[in-house]
Amino acid sequence: MGKRDITIAEIRELLAQKNRQLGALRAERRTLENRLKQVDRQIQRLTGRRKRAAKAAPKAAKAKARPRKQGPSLRQTILGAFAKAPGSLTIPEVITAVRNTGYTSSSSNFRKLISVTLAQMDELRRVARGKYALKKSAESAPAPKAQAKGTKKTTKKKARKAKAKRAGA
């Protein structure tokens, strides 16, 4: 009831008015940017230092890891947690064990950091999804059984090689 119908001509006029306002604001921004550059140049002349230009936010892919200032690395802390554990550990158990050692991280996603580190560690083996255990050392692992001479597998392999040789000759 309080609303009135707007004609197309009125809509066009409103749109033109908004575009004029936008153009004026953009011109004002350019003027202010130029004034700011002048102020920066004056500061540079007075101090002899150049103001650093504002950089765009760094991308996550290009971010470089900084070395830890103190204490053991995450890998060393994780290995210590596995050495104390009787068997395998899940990711939440590893996180708890690492945090209990006092390890601090500035990572925004600590669970993902732990998961990636676990997957990359050669000293660990994946037992199940999200569950890892220490690899057995070469001395404590049972020696591989020697395959008996002339087993089915080797016999079939030799037969295939001989057949391929005859077909090629």
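For a modelled paramagnetic label at ARG99, 7 Å from Cα along Cα-to-Cβ, the residues of the range 68-93 in reach, with backbone nitrogen under 12 Å, are 92-93. Taking the fewest neighbouring Cβ atoms within 10 Å as the starting point, the ordered list for TYR132, TYR103 is TYR103, TYR132. Each of LEU36 and LEU134 was given a label point 7 Å from its Cα along the Cα-to-Cβ line. The distance between the two points is 5.7 nm. Strictly over 22 Å apart at the Cα level, which of LYS135/LYS157; LYS84/LYS136; LYS84/LYS131 would you flag in this model? Long pairs (Cα-Cα over 22 Å): LYS135/LYS157. Between THR7 and ARG29, the FRET efficiency from the beta-carbon distance, with R0 = 30 Å, is close to 0.35. Taking label points 7 Å from Cα along the Cα-to-Cβ direction, ALA119 and LYS158 give a separation of 4.4 nm. Our coupling estimate for the range 12-17, obtained by passing each phi through the Karplus curve with A = 6.51, B = -1.76, C = 1.60 and θ = phi - 60°, is 4, 5, 4, 5, 5, 4 Hz, Gly and Pro reported as x.
Amide H of GLY130: which non-local residues (sequence gap of 5 or more, or other chain) have their own amide H closer than 5 Å, using H built in the peptide plane? Long-range HN contacts for GLY130: none found. Rounded to the nearest whole Hz, the Karplus-based 3J(HN,Hα) values (6.51 cos²θ - 1.76 cosθ + 1.60, θ = phi - 60°) of the range 118-127 follow the sequence 4, 5, 8, 7, 6, 6, 10, 10, 8, 8, with x at glycine and proline.
All of the numbers you see were taken from the coordinates with simple rules; none came from a lab. Because the structure is a prediction, the values reported are computed rather than measured. Glycine also receives a Cβ, built like all others from the backbone with ideal geometry; neighbour counts cover every protein chain displayed.
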